[in-house]
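Take a look at the structure set out below.
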There are 2 protein chains.
Amino acid sequence: MITPQIPKGFRDFLPLKMIFRQKVIEVMTTVFETFGFEPVDTPCIEYAETLEGKYGEEGERLIYKFQDRGGRMVALRYDLTIPLCRIMSMYPEIVKPFKCYHIAPVWRADKPQKGRFREFYQCDIDIIGTDSVYADGELLIITYSVLKNLGFKNFLMRINNRKVLNGFALKEGIDKKDVLFFLRSVDKLDKIGPEGVWQELSKKGLFGKDSETRFIDLMSSDAGSNADRLGEMDKLVEGVPVGEEGIKELKIINETLTAHGVPEKYYQFDFTLARGLDYYTGPIFETVVKEPKIGSITGGGRYDNLIGLFSKKSFPATGTSFGLERIVTVMEELVSDKPNVAKTQVLITLFETGLMSMNLKLAKTLREAGIKTEVYFSPDKLKKQLTYAANRGIPFVIILGPDESNEGKVTLKNMDIGKQVTIPQSDMVRKIQENLSR
Amino acid sequence: MITPQIPKGFRDFLPLKMIFRQKVIEVMTTVFETFGFEPVDTPCIEYAETLEGKYGEEGERLIYKFQDRGGRMVALRYDLTIPLCRIMSMYPEIVKPFKCYHIAPVWRADKPQKGRFREFYQCDIDIIGTDSVYADGELLIITYSVLKNLGFKNFLMRINNRKVLNGFALKEGIDKKDVLFFLRSVDKLDKIGPEGVWQELSKKGLFGKDSETRFIDLMSSDAGSNADRLGEMDKLVEGVPVGEEGIKELKIINETLTAHGVPEKYYQFDFTLARGLDYYTGPIFETVVKEPKIGSITGGGRYDNLIGLFSKKSFPATGTSFGLERIVTVMEELVSDKPNVAKTQVLITLFETGLMSMNLKLAKTLREAGIKTEVYFSPDKLKKQLTYAANRGIPFVIILGPDESNEGKVTLKNMDIGKQVTIPQSDMVRKIQENLSR
């Protein structure tokens with residue numbers, strides 16, 4: 001006998017969990033499609049060389065790789081962005097700008113811990129083939145709409161621009177080769193705090209002792225309206241063209257969110273947001289919730305040079321990713337009005353095998369009226385059949401004995417209140433629909 | 001630069017293909033849920049030992065295996081039945097009978113050819129914890145309903161029972177150890193023909209020369225009503241209890257299909273159906289189409305002993321699997337009324353950047369009315385924007401110039417007929433909805 005078990009960091013989803021996940025995905029896809037995004041999918045397995053060298057040193061170690069039958073190294077999909085870049089370079093017939101969504105599992109050989117799994121779903125939206133910052137703004141409108149439609153009440157979309165960070169680094173006299181080090185240090189702010197970032201940067205000699213207070217203040221600033229914050233960021237890059245361009249782009253994002261009526265409390269321009277991945281080139285963004293402590297629930301940004309890794313013709317691109325597991329975790333802990341859970345609505349009990357044909361006909365009538373209906377398969381004691389309905393949470397039971405059958409009637413039992421009525425079979429659908437709509 | 005490519009036998013799905021697959025899956029899940037089935041999912045990766053020794057010699061060779069970080073052998077999911085059996089033994093809290101559906105990719109290192117891929121989707125429904133043959137009958141009602149709802153007009157559900165085949169083998173004096181050989185030979189009927197099966201069986205000494213005509217006739221019989229066919233099968237196993245039990249079960253299935261009103265032309269009891277897998281114990285079934293030549297599009301049966309491989313407490317079980325790729329292939333070639341393809345319904349063009357805020361507000365109004373709407377991101381020449389709408393197949397375009405904006409109007413262009421009208425913005429939603437419903 002084989003011990004039934006699954007590898008660590010992997011999960012089974014039984015119906016309750018699964019239905020909840022399906023509902024979250026349905027809310028997302030409805031919003032995505034309302035904004036004109038269309039679905040794509042890619043294989044779970046890619047050639048290893050397609051993924052290698054894209055995710056930084058740490059990411060590289062987490063890729064699941066193995067040898068194919070043909071002796072070539074293949075890898076399990078690590079994220080959805082690189083496969084999308086591959087697609088864009090393989091199929092020139094795709095009409096640009098291309099707006100697509102991709103909801104699929106990815107794999108990382110990470111240490112499993114609370115909220116972190118080795119197999120998890122990403123839900124990505126991307127806009128390829130336009131350098132307009134309105135596209136970045138749209139991704140944020142969609143983020144806002146999805147979270148609102150899921151019932152989130154407290155969340156904050158943090159927004160920055162790599163161009164602003166680059167402009168600042170330039171203005172502070174940081175050498176071009178050290179800018180990535182600077183970005184990666186700032187990205188650790190949440191983990192090591194302003195002093196920690198300062199330590200790293202001054203040790204590397206990127207800032208002098210005289211900048212300490214100013215820099216730590218900068219990393220700690222969390223107040224002010226978005227207009228004020230943009231004004232302050234503007235000063236940090238004044239006179240540096242790339243930085244000023246970055247500010248201009250953030251102002252366009254602000255205009256986009258305002259035009260859509262996104263209240264200011266849901267987003268904040270934040271100079272300290274860096275995002276870990278190397279490939280971002282423009283606006284970057286993520287969404288955080290205060291409780292539970294779970295990191296960001298969405299994240300993304302503009303990556304204008306990434307498709308160029310796969311083809312001579314590159315395309316400007318921007319995208320964002322919703323973390324399904326984290327969103328589900330937050331909803332389970334915090335959001336009160338979870339989406340309704342689909343369930344069987346009626347169970348038809350079986351009094352004796354001779355009545356099964358009659359039951360099947362009643363079931364057919366109910367199903368044709370869109371009522372989710374199960375027939376019980378064995379002529380077990382009625383009590384056992386009712387217990388099954390109760391355990392499953394099925395709200396209505398139809399009981400058909402020989403008397404009811406002869407008289408063209410059924411008994412309808414409401415499991416919630418425990419009452420039952422005997423009614424003509426011709427009233428059955430109407431009566432159940434009335435009860436369900438209450 | 002990396003050459004963008006994917007391994008052989010794997011596929012990318014661009015929107016048109018993807019939307020079509022989504023629609024097929026949606027039709028399936030709607031039917032499944034109407035019959036009270038609920039979704040489950042399992043990891044794509046299982047411990048190798050969970051899968052090994054279940055799929056026969058040929059299947060065994062096709063399992064993708066590799067070593068995990070911890071040095072344990074893992075494998076990509078090969079089918080959905082074995083993971084379900086593992087689930088049933090791991091979670092005793094699941095209420096039985098358990099009716100579930102599972103739609104997910106599986107992997108087989110098979111030689112890629114037309115309609116056969118290394119990564120493909122299975123759509124399984126299973127009923128665990130009842131030995132009632134009404135459950136098997138229900139799977140066939142669902143098969144019929146799904147295919148009808150997908151627009152299939154010509155298909156045949158072939159139905160047999162392993163108990164009938166076993167009863168026949170017993171009556172013919174075939175040794176118990178040779179029954180599996182007998183079943184596997186009969187399973188090759190479609191490939192090697194009645195004479196081929198006969199060759200194999202007589203070579204093995206399972207039938208004497210005197211049975212040749214009778215046996216070949218038996219393997220070739222394709223006529224008669226289902227009642228007649230059941231009568232003939234009954235004679236083949238007369239006096240052998242297991243065979244007679246098998247016939248009784250097939251009669252219950254016939255009763256079930258009749259009660260649901262499934263016309264007889266859609267199903268046939270067929271003594272020559274054997275199904276390849278070793279683990280079936282009772283009713284077995286598959287669906288075939290005449291054109292295109294693509295093999296069976298669904299297949300399944302009862303497997304009462306399989307869960308016992310994972311736990312002391314076994315459960316009777318029956319299930320069937322819909323082959324998504326084959327169903328999609330048949331639909332693309334044959335079914336005329338494909339499900340509607342979802343698409344963006346309105347494009348709002350951008351005359352000049354200063355009008356973007358106005359466009360965003362119009363887009364918000366349309367989206368809130370449920371109209372799938374895109375805004376164009378760059379103030380390109382109108383002709384370029386209209387070409388984009390035409391290439392994407394977007395049926396309506398909203399044009400907003402400074403005059404329209406000042407007067408609170410928009411121009412609505414119908415891309416199909418090429419005509420445009422200027423209307424008040426307050427009429428926009430109603431006008432588009434009217435046009436879309438035509």
So, relative contact order of region B:54-132 in percent, Cα under 8 Å, 6 or more apart, is 29 percent
Exposure proxy ranking, count of Cβ atoms within 10 Å, fewest first, for B:179, B:375, B:164, A:186 | B:179, A:186, B:375, B:164
How far is residue A:8 from itself in the other copies, in nm, if each label sits 7 Å out from Cα along the Cα-Cβ line, shortest first?
-> 3.8
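What's the ranking of B:303-315, B:264-276, B:410-422 by average number of surrounding C-beta atoms within 10 Å, highest first?
Top of the packing list down: B:264-276, B:303-315, B:410-422.
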Can you work out ³J(HN,Hα) from phi for every residue in region A:83-98, in order, using Karplus 6.51 cos²θ - 1.76 cosθ + 1.60 and θ = phi - 60°, giving whole Hz and x for Gly and Pro?
-> x, 5, 4, 4, 4, 4, 8, 8, 10, x, 6, 5, 5, 10, x, 9
Could you tell me which residue in chain B puts its beta carbon nearest the axis mapping B onto A, with the distance rounded to whole Å?
-> B:66, 2
Calculate how steeply helix B:382-392 sits against the longest principal axis of the alpha-carbon atoms of chain B, using the helix alpha-carbon long axis, and give the answer as 0 to 90 degrees to the nearest 10.
-> 10 degrees
Phi-derived 3J(HN,Hα) across region B:277-287 with the Karplus relation (6.51, -1.76, 1.60, θ = phi - 60°), rounded Hz, x for Gly and Pro, is 5, 6, 7, 5, 10, x, x, 10, 7, 8, 10
Which value results for Rg/Rh of region B:125-274 when Rg is the Cα radius of gyration and Rh the Kirkwood radius based on the inverse mean 1/r?
-> 0.99
Can you list, shortest first and in nm, the gaps between the label point of residue B:57 and those of its counterparts in the other copies, using a point 7 Å from Cα in the C-beta direction?
-> 5.2
Over region B:1-77, what relative contact order in percent results from Cα pairs under 8 Å that are six or more residues apart?
-> 25 percent
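Take the alpha carbon gyration tensor of region B:293-335, find the square roots of its eigenvalues, order them as a ≥ b ≥ c, and report rounded if a/c is under 1.5; if not, report prolate when a/b exceeds b/c, else oblate.
Working: a/c = 4.73, a/b = 4.16, b/c = 1.14.
Since a/c reaches 1.5 and a/b is larger than b/c, the shape of region B:293-335 is classed as prolate.
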In Å³ per residue, the alpha-carbon convex hull of the protein assembly as shown encloses 190 Å³
Relative to chain A, whose Cα atoms define the longest principal axis, helix A:133-149 and its Cα axis are tilted in degrees, nearest 10, by 40 degrees
Of all DSSP beta bridges located in region B:346-437, what percent are antiparallel, nearest 5?
-> 60 percent
Take every residue in peptide B:204-211, count the Cβ atoms of other chains within 10 Å of its Cβ, and give the average of those counts.
-> 0
Once phi is turned into θ = phi - 60°, what whole-Hz ³J(HN,Hα) does the Karplus curve with 6.51, -1.76 and 1.60 give for every residue of region B:228-243, x standing for Gly and Pro?
-> 4, 4, 4, x, 5, 4, 4, 4, 5, 10, 3, x, 9, x, 4, x
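At a 10 Å Cβ-Cβ cut-off, how would you order A:102, A:260, fewest neighbours first?
Numbers: A:102 24, A:260 20.
By the 10 Å Cβ count, ascending, the order reads A:260, A:102.
Count, for each residue of B:45-54, the Cβ atoms from other chains sitting within 10 Å of its Cβ, then give me the mean as a whole number. Provide the component values of the computation, followed by the final result.
Details: counts 9, 4, 7, 0, 3, 6, 1, 1, 1, 1.
Counting Cβ atoms of other protein chains within 10 Å of each residue's Cβ and averaging gives 3.
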In degrees between 0 and 90, to the nearest 10, how far off the longest principal axis of chain B does helix B:189-203 point, with axes built from Cα atoms?
-> 20 degrees
Sorted by Cβ density within 10 Å, fewest first, the residues B:91, A:101 | B:91, A:101
Spelling it out for residue A:13: with amide H atoms placed in the peptide plane at 1.01 Å from N, the residues 5 or more places away or on another chain with amide H under 5 Å from its amide H are B:41, B:42
Taking amide hydrogens as modeled 1.01 Å from N in the peptide plane, which residues meet the under 5 Å criterion relative to residue B:348, leaving out close sequence neighbours?
-> B:374, B:375, B:376, B:398
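Pop out the Kirkwood hydrodynamic radius of region A:346-437 from its pairwise C-alpha distances, inverse of mean 1/r, in Å to one decimal.
Values: mean 1/r = 0.0773 Å⁻¹.
Evaluated on region A:346-437, it is 12.9 Å.
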Provide a whole-number value for the mean count of partner chain Cβ atoms within 10 Å of the Cβ atoms in peptide A:264-274.
-> 0
Across 20 Å bins beginning at 0, the whole-percent shares of Cα-Cα pair distances in chain A come to 21, 43, 24, 10, 1
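Any idea what the relative contact order of chain B is, in percent, if you count C-alpha pairs under 8 Å spaced at least 6 apart? If you can, show how the numbers build up before the last one.
Working: 689 pairs, mean separation 67.1, N = 438.
With pairs under 8 Å counted, the relative contact order is 15 percent.
Report the antiparallel proportion of the DSSP beta bridges in region B:258-403 as a percent, rounded to a multiple of 5.
Values: 10 of 16 bridges.
Taking every DSSP beta bridge with both residues in region B:258-403, the antiparallel ones total about 60 percent.
What ranking, highest mean first, results for peptides B:321-327, A:72-78 when packing means the other Cβ atoms within 10 Å averaged over each residue? Before the final figure, lay out each step's value.
Numbers: B:321-327: 21.9, A:72-78: 20.0.
So the order, starting with the most tightly packed, is B:321-327, A:72-78.
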So how far, in whole Å, is the C-alpha centre of region A:269-289 from the one of region A:179-237?
-> 14 Å
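Packing-wise, with mean Cβ within 10 Å as the measure, how do A:345-358, A:52-65 rank, highest first? Don't jump to the answer; show the numbers that get you there.
Details: A:345-358: 19.5, A:52-65: 15.1.
Top to bottom by mean Cβ count within 10 Å: A:345-358, A:52-65.
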What nm distances, shortest first, do you get from the label point of residue A:213 to those in the other copies when the point sits 7 angstrom along Cα to Cβ?
-> 11.3
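No value in this document is a laboratory result; all are computed from the given coordinates. Nothing here was measured: the structure is a model prediction, and the numbers come from that model. Neighbour counts run over all protein chains shown; Cβ positions are idealised from the backbone, glycine included.
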